[in-house]
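These notes concern the structure reproduced below.
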Amino acid sequence: MDIPVKKCKKCHEVLHSCKLQCPICLSDDLELTTIKGEGTIYSYTKIHTAPKQFADQVPYYVVLIQLDGLNVTGRFIGEDVQINDFVVLEDIKNECYYFKPVSN
Ligand SMILES: [Zn+2]
């Protein structure tokens, strides 16, 4: 599953899709595109005490994923989280990315 992103037409920086201006070269000439929703786990944390709206989902993992040119935060589907594990995007719900591990 691909992730919608913006790409700066001037310096080719990959940006989150909500950006209106490139933080590198300050150009506002951005184009909507997608990148592959696959990457590696850079960091993670396990949430035991969540905000009210997520309280029924604890415990859950919030993961930082390194994609091709962009880092995103999301949720991890599963229990066995390891730094550097390869994951793929499984779903996008309420603007949240859900990643699952790829078994070898
Ligand atoms: Zn730029």
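Legend note: in the chain, cysteines whose Cβ sits 4.7 Å or more from every other cysteine Cβ are Cys18, Cys96.
Between Phe86 and Ala50, the simple label model (points 7 Å from Cα in the Cβ direction) yields a spacing of 2.9 nm.
Backbone amide hydrogens, once placed in the peptide plane, bring Ile77 within less than 5 Å of Phe99, Lys100, excluding anything fewer than 5 places away on its chain. Ligands, DNA and RNA left out, the accessible area of the chain computed with a 1.4 Å probe is 48% carbon and sulfur.
Given +1 at the Cβ of Lys and Arg, -1 at the Cβ of Asp and Glu and no other charges, the dipole of the chain around its Cα centre is 240 debye to the nearest 20.
Please give the net charge around Ser27, taking every other residue with its beta carbon less than 14 angstrom from that of Ser27, where Lys and Arg add +1 and Asp and Glu add -1.
Values: positive: Lys6, Lys7, Lys9, Lys10, Lys19; negative: Glu13, Asp28, Asp29, Glu31.
For residues surrounding Ser27, the net value is +1.
For segment 48-104, GluC sites (Glu not before Pro) meeting the loop criterion (DSSP other than H, G, I, E, B) and having at most 15 other Cβ atoms within 10 Å: Glu79, Glu95. Sorting 71-77, 13-19 by average packing, meaning the other beta carbons within 10 Å per residue, from highest down gives 71-77, 13-19.
Grab the other residues whose beta carbon is less than 12 angstrom from that of Ser103, score K and R as +1, D and E as -1, and report the net. All intermediate terms of the calculation are to be shown ahead of the outcome.
Details: positive: Lys100; negative: Asp80, Asp85.
With Lys, Arg at +1 and Asp, Glu at -1, the neighbours total -1.
Accessible area per residue for the chain, computed on protein heavy atoms with a 1.4 Å probe, is 66 Å². Projecting the Cα positions of Cys22, Pro51, Gln66 onto the charge dipole of segment 1-67 (unit charges on Cβ atoms of Lys, Arg, Asp and Glu, taken about the Cα centre) puts Pro51 furthest along the positive direction.
The values are calculated or read from the model by the stated rules, or taken from the named source; none is laboratory data. Remember, predicted model here, so these are calculated numbers, not experimental data. When we count neighbours, we look across all protein chains shown, and the Cβ atoms used for this are built from the backbone with ideal geometry, even at glycine. Areas reflect the complete protein model, heavy atoms only, side chains present, ligands, DNA and RNA absent. Shrake-Rupley method; radii C 1.70, N 1.55, O 1.52, S 1.80 Å.
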